[in-house]
1. If I model a spin label at E87 and L119 as a point 7 Å from the Cα along the Cα→Cβ vector, what separation in nanometres do I get?
2. At 0.36 nm per residue, minus the direct Cα-Cα distance, what do S157 and N99 gain on full extension? Give it in nm, one decimal, please.
3. Determine the gain in length on full extension of the stretch T41-L23; use 0.36 nm per residue of separation and subtract their C-alpha separation, reporting nm with one decimal.
4. Note down, for the stretch 4-82, the three equivalent ellipsoid semi-axes (square root of 5 times each alpha carbon gyration tensor eigenvalue), biggest first, whole angstrom.
5. Hey, got a sec? Which GluC sites (Glu not before Pro) in the stretch 87-175 land in a DSSP loop and have at most 10 other Cβ atoms within 10 Å?
6. Can you give me the C-alpha center-to-center distance between the stretch 35-86 and the stretch 89-111, rounded to a whole angstrom?
7. Whole-Hz Karplus ³J(HN,Hα) for the stretch 54-68, in order, using 6.51 cos²θ - 1.76 cosθ + 1.60 and θ = phi - 60°, x for Gly and Pro?
8. At H76 and I164, where each label point lies 7 Å from the Cα along Cα→Cβ, what is the point-to-point distance in nanometres?
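Here, each number is a calculation from the coordinates, and none is a lab measurement. Every value quoted in this text rests on a predicted model; they were computed, and no experiment measured them. Backbone-built Cβ (ideal geometry, glycine too); neighbour counts: all protein chains shown.
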Amino acid sequence: MTLTSHETWALVHGLVLGAIFLLAFGGALADLWSLDARTCTPDGIVHRLRRLRIGTCTMTVIVWLTNLTGTHLVYHWYRAKPPEGAELSGFPRSFLLANPALAGWHTFGMEWKEHVAWLASFLMPAIAFIIMRHGSVLATDGSLRRRLIALLIITFSIAAVAGIFGTLITKAAPII
């Protein structure tokens with residue numbers, strides 16, 4: 001089995017970087033959820049905060065790398081315009097738009113990936129900053145912790161929907 005360079009970068013973008021970000025969400029959520037001074041020892045709080053700081057900073061880098069590889073590498077191949085009279089199967093955007101049954105994958109799915117998915121790249125650094133700046137406060141301020149959990153869930157949801165659309169768009173019109 002061989003992969004073209006386009007397929008390799010699409011794989012790195014979605015199945016490596018994107019999947020790592022989505023999987024890391026579970027650890028961040030669990031540590032943030034359990035960061036409660038009423039049920040956690042002081043050593044446990046220190047341990048969870050260290051993991052949260054490292055984890056959310058790493059997630060920030062990963063979500064940025066995911067969006068940058070998608071925007072500056074994979075997206076160009078997706079959007080390439082076919083020469084006059086060329087077979088559309090090698091040109092994903094044109095292929096989707098030419099088929100009314102598949103056009104929605106571009107008009108909604110790809111628009112989500114192009115525009116909404118970038119919100120995750122802006123929300124994740126905000127989450128990491130709050131944890132870095134106010135980490136120990138999160139153990140005693142349940143309201144702030146719950147709001148941060150909600151923000152983390154929103155960020156995850158945006159990225160998860162983008163990942164689902166990316167997978168389905170690639171199935172309908174692969175980048176080769």
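1. 4.0
2. On the way: separation 58, 0.36 × 58 = 20.88 nm, distance 2.87 nm.
That works out to 18.0 nm of additional length.
3. My answer for the length gained is 3.8 nm.
4. Values: eigenvalues 274, 16, 14 Å².
Three semi-axes, in Å: 37, 9, 8.
5. E87
6. If you average the Cα positions of each part, the centres end up 27 Å apart.
7. Each residue of the stretch 54-68 in turn: 5, x, 6, 5, 5, 4, 4, 4, 5, 5, 5, 4, 4, 5, 5 Hz.
8. The modelled label-to-label distance comes out at 3.1 nm.
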